[in-house]
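Heads up, the thing below is written out as structure tokens.
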Amino acid sequence: MFALGTGICSLVQADMLGVKADASYWFYDGKAKVQPKPNTSSLSNQTGVDDLLLNPYAGLSAPEENLDRKGSAQISLAFEHPIPLIPNAKIRYVNLKSQTENTVAGQPVYDLNIDHTDFILYYEILDTIVSADVGLGATNLNGDVKTLNVSKTDIDKTVPVIYGSAGIKLPFTGLSAKGELLYSNFNDTKITDAQAELQYNFIDNLLVDVGLKAGYRILDIKLDDYKKNDLKFDFKGPYIGLDIHF
């Protein structure tokens, strides 16, 4: 076991201390759905007046609505080091704020505002022309979604995730490609977060690398039986940004 651990350490050991930071702007649209659960505590098993006041879709099949095209900044910060066994650390953040295209009496069917934060611990298993990282972490969702501006579901949920990324560089060109994936299916929560990008480094030396990048991100969030609702949000769209590696 000790020999195996030593071998793994040699694979995941980073070459030097480094900081990676990137900021990009994500242009996303998608779909949203809030499906209320019926009030099973009622003796008659019927939807009551209170249920209808709290959520207009109580006892009904809620629609899946298209979201308006919106934009939001997304940021990422990672710290890498040469210490064996201790993983590298990364944090990612984006605010998901959008409304549905359809309105009723001037109010959007769904109006959502959710902070999405990833906390990731990972090992660098390859760092040559081809790179690869694997790790574990946690995703925190914090915010709310309103239905017809009548009812509001507050969201505060943290779930474990698995993380992986892979990339490839084209030598002497400054060009590279990369893909990242976060996935969770835990405790009635399912999250799939995938993105792929191309990058061109216009500064590349021993002190700092700076690159322009463009990519596409897909984020699917599903919360089953959360505060008497089934919640489903899908976001997708392109992004452009800047990447810096010290």
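Yes/no matrix, rows are residues, columns are (1) closer than 16 Å to residue 139 by Cα; (2) out of contact with any Gly (no Cβ under 9 Å at 6 or more places or on another chain):
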| residue | (1), (2) |
| --- | --- |
| 162 | yes, no |
| 166 | no, no |
| 178 | no, no |
| 188 | yes, yes |
| 200 | no, no |
| 204 | no, no |
Among the residues of the stretch 164-181, are any open to solvent by 30 Å² or more (accessible area, probe 1.4 Å), closer than 22 Å to residue 235 by Cβ and assigned to a loop (DSSP other than H, G, I, E, B)?
no
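Looking at the structure I just gave you, is residue 77 at pLDDT 65 or above and surrounded by 13 or more Cβ atoms within 10 Å (Cβ to Cβ)?
Numbers: at pLDDT 65 or above: yes; surrounded by 13 or more Cβ atoms within 10 Å (Cβ to Cβ): yes.
Here the answer is yes, as residue 77 does meet what is asked.
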Given the structure, is residue 76 part of a strand (DSSP E or B), under 24 Å from the mean Cα position of the chain (by Cα), within 26 Å of residue 205 (Cβ to Cβ) and polar (S, T, N, Q)?
yes
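With the condition kept exactly as written, say whether any residue in the stretch 167-174 is touching a Ser or Thr at 6+ places or on another chain (Cβ under 9 Å) and closer than 18 Å to residue 18 by Cα. Spell out the reasoning first.
Going through the stretch 167-174, the residues touching a Ser or Thr at 6+ places or on another chain (Cβ under 9 Å) turn out to be 167-170.
Filter again for closer than 18 Å to residue 18 by Cα, leaving 167.
Checked against the condition, which is being touching a Ser or Thr at 6+ places or on another chain (Cβ under 9 Å) and closer than 18 Å to residue 18 by Cα, the stretch 167-174 yields at least one hit.
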Can you tell me which residue within the stretch 199-246, out of those that are over 17 Å from residue 171 (Cα atoms), part of a loop (DSSP other than H, G, I, E, B) and out of contact with any Phe, Trp or Tyr (no Cβ under 9 Å at 6 or more places or on another chain), is most open to solvent (accessible area, probe 1.4 Å)?
228
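The values are calculated or read from the model by the stated rules, or taken from the named source; none is laboratory data. Here the structure is a predicted model, which means the values were calculated and not measured. Positions of Cβ are backbone-derived with ideal geometry, glycine not excepted, and every protein chain shown enters the neighbour counts. To get the accessible areas, we keep the full protein, side chains included, count just its heavy atoms, and leave off ligands, DNA and RNA. Shrake-Rupley method; radii C 1.70, N 1.55, O 1.52, S 1.80 Å.
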